[in-house]
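Notes to accompany the following structure.
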Amino acid sequence: MTAVLEQEAEVYRALVELSAKKRDALVAGQLSAVDEVVRAEEALLWKAGRVEETRQMVATELADLLDLKDDQRTLARLIEAIGEPAAVGLRRRQDEILKAVAELKTSNELNGRLIEQALAQVRLTVGLLAKNRPGGPAYGPEGQVAVGDTPLKLDKQV
């Protein structure tokens with residue numbers, strides 16, 4: 001069980017590192033780097049699912065050996081039922097997983113806000129570019145190009 005929890009903790013630590021890389025790429029506006037990180041995250045999430053399945057199988061076998069009832073089949077209860085000294089390593093791994101999950105949650109929330117800000121900027125830019133005259137759309141109701149008196153002017157100053 002300790003080995004499985006160590007694998008799970010390792011996956012979550014790697015996800016925390018990738019989340020930090022994603023944040024750096026978002027801040028730098030490096031979309032190709034964000035794409036690479038997302039692909040790596042997908043692979044790790046797949047691995048996390050496999051490790052979780054293994055953990056559940058091992059936990060079920062261990063709970064059966066310890067004769068724990070269905071409502072007592074939690075990791076905390078398993079650790080308690082195993083007793084010392086084996087419980088020490090399991091508690092340590094559990095704490096590492098919980099810490100990594102909390103860090104990942106915080107990092108994902110921050111990354112989500114960065115993505116929302118970037119999307120708002122894109123919407124603003126598209127909105128500005130879509131206008132070909134003050135107050136007028138670039139396209140008419142039937143999809144035809146709307147021709148205005150004043151062409152869109154872009155100022156180089158920001």
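Tell me the residue from Lys21, Lys47 that is more than 30 Å from Val88 (Cα to Cα), touching a residue at least 12 places away in the same chain (Cβ under 8 Å) and not aliphatic (A, V, I, L, M), please. Spell out how you get there, then give the answer.
Numbers: Lys47 fails: more than 30 Å from Val88 (Cα to Cα).
Just a single option satisfies the conditions, and that option is Lys21.
So which residues in segment 1-45 are touching a helix residue (DSSP H, G or I) at 6+ places or on another chain (Cβ under 7 Å) and either outside any helix (DSSP H, G or I) or within 24 Å of Ala87 (Cα to Cα) (or both), if there are any at all?
Met1, Thr2, Val4, Leu5, Glu6, Gln7, Glu8, Ala9, Val11, Tyr12, Arg13, listed by residue number.
Looking at the structure I just gave you, is Ala48 surrounded by 15 or more Cβ atoms within 10 Å (Cβ to Cβ) and either at pLDDT below 95 or part of a helix (DSSP H, G or I) (or both)? Reasoning before the result, please.
On the way: surrounded by 15 or more Cβ atoms within 10 Å (Cβ to Cβ): yes; either at pLDDT below 95 or part of a helix (DSSP H, G or I) (or both): yes.
For Ala48, the condition - surrounded by 15 or more Cβ atoms within 10 Å (Cβ to Cβ) and either at pLDDT below 95 or part of a helix (DSSP H, G or I) (or both) - is met.
Would you say Ala100 is in contact (Cβ under 8 Å) with a residue 40 or more places away in the chain and assigned to a helix (DSSP H, G or I)? It would help to see each step written out before you state the result.
Details: in contact (Cβ under 8 Å) with a residue 40 or more places away in the chain: yes; assigned to a helix (DSSP H, G or I): yes.
Considered against the rule, which asks whether it is in contact (Cβ under 8 Å) with a residue 40 or more places away in the chain and assigned to a helix (DSSP H, G or I), Ala100 comes out as yes.
Out of all the residues in segment 25-44, which are in contact (Cβ under 8 Å) with a residue 24 or more places away in the chain, crowded, with 16+ Cβ neighbours inside 10 Å and within 16 Å of Gly112 (Cα to Cα)?
If the condition is that a residue be in contact (Cβ under 8 Å) with a residue 24 or more places away in the chain, crowded, with 16+ Cβ neighbours inside 10 Å and within 16 Å of Gly112 (Cα to Cα), then Leu26, Glu41 are the ones that fit.
Out of the residues in segment 57-94 that are surrounded by 13 or more Cβ atoms within 10 Å (Cβ to Cβ) and within 26 Å of the chain's Cα centre (by Cα), state the one that is modelled with the lowest pLDDT.
Among those residues, the one meeting the criterion is Leu75.
Report, by residue number, each residue of segment 76-131 that is among the charged types (D, E, K, R) and closer than 30 Å to Ala3 by Cβ. If you could, list the steps in order and put the result at the bottom.
To start, the set of residues in segment 76-131 that are among the charged types (D, E, K, R) comprises 77, 80, 84, 91-93, 95-96, 99, 103, 105, 109, 113, 116, 123, 131.
Arg77, Glu80, Glu84, Arg91, Arg92, Arg93, Asp95, Glu96, Lys99, Glu103, Lys105, listed by residue number.
Please verify whether Thr54 is among the hydroxyl-bearing types (Ser, Thr, Tyr), more than 25 Å from the chain's Cα centre (by Cα), part of a helix (DSSP H, G or I) and at pLDDT 85 or above, treating the condition exactly as stated.
Numbers: among the hydroxyl-bearing types (Ser, Thr, Tyr): yes; more than 25 Å from the chain's Cα centre (by Cα): no; part of a helix (DSSP H, G or I): yes; at pLDDT 85 or above: yes.
Judged against the criteria, Thr54 is not a match.
The values are calculated or read from the model by the stated rules, or taken from the named source; none is laboratory data. This is a predicted model, so every value here is computed, not measured. A quick note on method: Cβ atoms are made from the backbone with ideal geometry, for glycine too, and the neighbour counts reach across all protein chains shown.
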